[in-house]
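The values are calculated or read from the model by the stated rules, or taken from the named source; none is laboratory data. Model, not experiment: these values are computed from the prediction. Cβ coordinates were reconstructed from backbone atoms using ideal geometry, including for glycine residues, and neighbour counts include every protein chain displayed. For accessibility, only protein heavy atoms count, side chains too; no ligands or nucleic acids. Shrake-Rupley method; radii C 1.70, N 1.55, O 1.52, S 1.80 Å.
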Amino acid sequence: MAEHKVKTVDAPVEESREVADKPAKPEPSICERAMSNIRKVFDAQKTELYSMYRRELRQDPTLEGKVLLELVIEPDGSVVRFPIDFLPG
């Protein structure tokens, strides 16, 4: 090891070439994140929603139709409007 020599080499300078970066996966928008959070909450409450539906169905077996929910959620997560419409089947 005593005879180990280091040699310095001069390399020619190349012009820098711009390399196109791969487009990064875009961050989800606030809207997309909010929608995924809303889905998680509804999925977590799905059992309770079906339980309420079955309870009402026992009281009125002719019950049919659709429930339309509209949520207006502020950026801070607070719900400012929650109208519910019942559409006949």
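Assorted remarks:
- Lone unmet requirement of (1) at pLDDT 85 or above; (2) assigned to a helix (DSSP H, G or I); (3) not acidic (Asp, Glu) for residue 35: (1)
- Residue identified as of a type in the set (Val, Ile, Thr), at pLDDT below 90 and open to solvent by 90 Å² or more (accessible area, probe 1.4 Å) among 72, 79, 6: 6
- Every pair of residues 6+ apart whose Cβ atoms lie under 6 Å, when the first sits in the stretch 60-77 and is more than 17 Å from residue 39 (Cα to Cα) and among the basic types (Lys, Arg) while the second is open to solvent by 70 Å² or more (accessible area, probe 1.4 Å) and part of a strand (DSSP E or B): 66/87
Matching residues to (1) surrounded by 10 or more Cβ atoms within 10 Å (Cβ to Cβ); (2) of a type outside the set (Asp, Glu); (3) over 23 Å from the mean Cα position of the chain (by Cα):
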| position | (1), (2), (3) |
| --- | --- |
| 35 | yes, yes, no |
| 39 | yes, yes, no |
| 47 | no, yes, no |
| 50 | yes, yes, yes |
| 55 | no, yes, yes |
| 63 | yes, yes, yes |
